[in-house]
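Working notes, structure below.
The values are calculated or read from the model by the stated rules, or taken from the named source; none is laboratory data. Remember, predicted model here, so these are calculated numbers, not experimental data. Glycine gets a Cβ as well: all are built from the backbone with ideal geometry, and neighbour counts include every protein chain shown. Surface areas here come from the heavy atoms of the whole protein model, side chains and all, with no ligands, DNA or RNA. Shrake-Rupley method; radii C 1.70, N 1.55, O 1.52, S 1.80 Å.
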Amino acid sequence: MHQISPQEALVYVMILTSAADSHMTDAELSRIGSLVHTIPAFREFDKDKLPAIARQCQEMLQDDDGLENVLDSIKSALPAKAYDTAYALAVDIAAADLSVSQVELRILQILRDKLDLDKLTVAAIERGARARYRLL
């Protein structure tokens with residue numbers, strides 16, 4: 001398993017979600033960049049490393065057992081108190097292009113199971129995303 005920092009794990013979560021349907025949209029990529037530049041979890045993160053970390057995650061996903069290895073790296077790098085943050089970022093990326101595919105929904109399910117998130121936390125995060133990304 002590849003050892004990564006907590007911030008790299010959060011980037012991995014976003015790349016994993018964006019790449020789930022084999023198509024990373026401009027909206028998703030833009031949202032990843034925006035989140036890395038604005039949320040406090042990335043305050044000490046070297047933002048210039050974002051493209052290299054994204055490539056590293058994509059390469060890991062292409063290996064045999066890539067998904068499981070990426071998920072294991074994410075879980076081992078994050079403190080338990082940040083599991084909900086990781087899931088919230090994944091939901092934001094899935095919703096960024098205003099369309100969540102079945103494969104993205106499956107990745108979200110796999111992620112919340114891997115991180116042992118409770119149903120109430122998951123529901124709150126997903127409800128918040130629906131409110132933020134609703135078209136008027």
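Carbon-plus-sulfur fraction of the accessible area of the range 1-105, 1.4 Å probe, in percent?
49
Restricted to Cα positions, what overall size does the range 37-123 have along the principal axes? Three whole-Å values, descending.
Extents along the principal axes, in whole Å: 35, 34, 29.
Check cross-link reach from K114 to the aspartates and glutamates: straight Cα distance under 12 Å, and skip same-chain residues fewer than eight apart.
Qualifying aspartates and glutamates at Cα under 12 Å: E68, D72, D84.
So what's the gap between the Cα centers of the range 121-136 and the range 31-75, to the nearest angstrom?
About 23 Å separates the Cα centre of the range 121-136 from the one of the range 31-75.
How long are the semi-axes of the ellipsoid equivalent to the range 1-77, from square roots of 5 times the Cα gyration tensor eigenvalues, in whole Å, largest first?
For the range 1-77, the semi-axes come out at 19, 16, 9 Å.
Taking 22 Å as R0, compute the FRET efficiency from the Cβ-Cβ separation of I39 and E68 and round it to 0.05. Don't skip to the answer; put the middle values down first.
Details: r = 27 Å, r/R0 = 1.22.
Approximately 0.25, to the nearest 0.05.
Can you return the lysines within cross-link range of K119? Criterion is Cα-Cα under 24 Å, with same-chain partners fewer than 8 residues away left out.
Of all the lysines, those that pass the test against K119 - Cα under 24 Å, at least 8 places apart if same chain - are K75, K81.
Quickly rank 7-16, 30-39 as a protection proxy: mean count of other C-beta atoms within 10 Å, highest first.
Most protected by this proxy first, the peptides run 7-16, 30-39.
How much mean residue ellipticity at 222 nm does the chain get from its helices, if each DSSP H run of length 4 or more adds -39500 (n - 2.57) and you divide by all residues, to the nearest 500 deg cm²/dmol?
Roughly -22000 deg cm²/dmol at 222 nm, from the helical runs in the chain.
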